[in-house]
Amino acid sequence: MDAYGLNNEGMGKGQVGASAEAHKAFGNVLVLGIGGSPRQSGNTEYLVKYVLERVAEKGFRTEYISLSGKVIHPCKACYGCRETGRCTQKGDDFEPVYARMREADALIVGSPVHYGSASPIVMSLLDRAAFSSRKEGRIFSRKVGVPIAVARRAGHNFALAQLLYWFLINDMIVPGSTYWTVALAGAGGARDAANDREALATLDHLAENIAWLLEKTR
């Protein structure tokens, strides 16, 4: 258990509480969560893992990657990927994260709100992943994409839209919920996302829809 009471064990395997039948049916379907916050064990991580645990209960394989402590440079618009089919920048952590994105059947991307927008590192990752993938034949097409944004007070809609637009332009399928997938947390640096009960209820329903959609499409 982590500080929030979430079970971090099996986040790379992810069938906590799943029935044998569900595990057999969906155990090879990977739901990848990416935490775009520079802070470890923060609100973004809590919310992404919250959804992953509920999806794992349905028998799906889950994995979590934190961008905290990683270096991912922005796209340089060098067009090297047009020639090679892969991003040609070297010396950062982009490639191993991108490799997991390519394998995943569903992506849950969470970000804190930084001055009304998604975090710079998560957008660097997404920009390079999208541009590189075009040469490979739209590898994200018809995968499931889920955005989550968390802020102290405001700015969710712009950050959520940035993530949502990325899923849509990459031909992904975005499930909805009973409200936008946002949460209020972090006043004074607090790690208190668990207190936003309405957000958690929204994410509960979101997890149900992710599982339903994957069952229909995989």
Open item on the list: Tell me yes or no: at least one residue of the stretch 188-199 is among the polar types (S, T, N, Q), at pLDDT 95 or above and either assigned to a helix (DSSP H, G or I) or under 23 Å from ASP93 (Cα atoms) (or both).
Closed with: yes
- [ ] Mind counting the residues in the stretch 6-52 that are out of contact with any Pro (no Cβ under 9 Å at 6 or more places or on another chain) and modelled with pLDDT of 50 or more?
- [x] 30
TODO: Being in a helix (DSSP H, G or I) and of a type in the set (A, V, I, L, M) is the filter here, so list the residues in the stretch 100-134 that pass it.
DONE: MET101, ILE121, VAL122, MET123, LEU125, LEU126, ALA129, ALA130
Task: Residue pairs meeting the criteria (Cβ under 6 Å; at least 6 apart or on separate chains; first among the hydrophobic types (A, V, I, L, M, F, W, C), in the stretch 204-218; second outside any helix (DSSP H, G or I)) - done: LEU206/SER177; LEU206/THR181; ILE210/PRO175; ALA211/LYS58; LEU213/VAL144; LEU213/PRO175; LEU214/VAL29
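Yes or no, residue by residue, for (1) more than 14 Å from the chain's Cα centre (by Cα); (2) modelled with pLDDT under 95; (3) buried (at least 19 other Cβ atoms within 10 Å of the Cβ):
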{"site": "THR62", "(1), (2), (3)": "no, no, yes"}
{"site": "LYS70", "(1), (2), (3)": "yes, no, no"}
{"site": "ALA77", "(1), (2), (3)": "yes, yes, no"}
{"site": "GLU95", "(1), (2), (3)": "yes, no, no"}
{"site": "MET101", "(1), (2), (3)": "no, no, yes"}
{"site": "ALA104", "(1), (2), (3)": "no, no, yes"}
{"site": "ILE108", "(1), (2), (3)": "no, no, yes"}
{"site": "SER111", "(1), (2), (3)": "no, no, yes"}
- [ ] Under 9 Å between Cβ atoms, at least 6 apart or on separate chains: pull out the pairs that start in the stretch 152-176 with a residue that is under 23 Å from PHE131 (Cα atoms) and at pLDDT 95 or above and end on any residue that is buried (at least 20 other Cβ atoms within 10 Å of the Cβ) and basic (Lys, Arg).
- [x] PHE167/LYS143; ASN170/LYS143; ASP171/LYS143; MET172/LYS143; ILE173/LYS143
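The rows are residues; the columns are (1) free of Cβ contacts under 8 Å to residues at least 40 places away in the same chain; (2) farther than 27 Å from ARG218 by Cα.
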{"site": "GLU83", "(1), (2)": "yes, yes"}
{"site": "GLN89", "(1), (2)": "yes, yes"}
{"site": "ALA99", "(1), (2)": "yes, no"}
{"site": "ALA104", "(1), (2)": "no, no"}
{"site": "TYR115", "(1), (2)": "no, yes"}
{"site": "SER119", "(1), (2)": "no, yes"}
{"site": "ARG128", "(1), (2)": "no, no"}
TODO: Output the number of residues of the stretch 40-89 satisfying the condition of being part of a loop (DSSP other than H, G, I, E, B) and within 17 Å of LEU125 (Cα to Cα).
DONE: 18
Task: Considering residues of the stretch 131-151 that are of a type in the set (Gly, Ala, Ser) and at pLDDT 95 or above only, the residue nearest to LEU206 (Cα to Cα) - done: GLY145
TODO: Please tell me if GLY137 is part of a loop (DSSP other than H, G, I, E, B) and either surrounded by fewer than 23 Cβ atoms within 10 Å (Cβ to Cβ) or in contact with a strand residue (DSSP E or B) (Cβ under 6 Å, 6 or more places away or on another chain) (or both).
DONE: yes
- [ ] Could you pull out the residue among LEU160, LEU203 that is in contact with a helix residue (DSSP H, G or I) (Cβ under 9 Å, 6 or more places away or on another chain) and either assigned to a helix (DSSP H, G or I) or exposed (fewer than 14 other Cβ atoms within 10 Å of the Cβ) (or both)?
- [x] LEU203
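The values are calculated or read from the model by the stated rules, or taken from the named source; none is laboratory data. Note that the structure is a prediction, hence the values are computed from the model and not measured. Cβ coordinates were reconstructed from backbone atoms using ideal geometry, including for glycine residues, and neighbour counts include every protein chain displayed.
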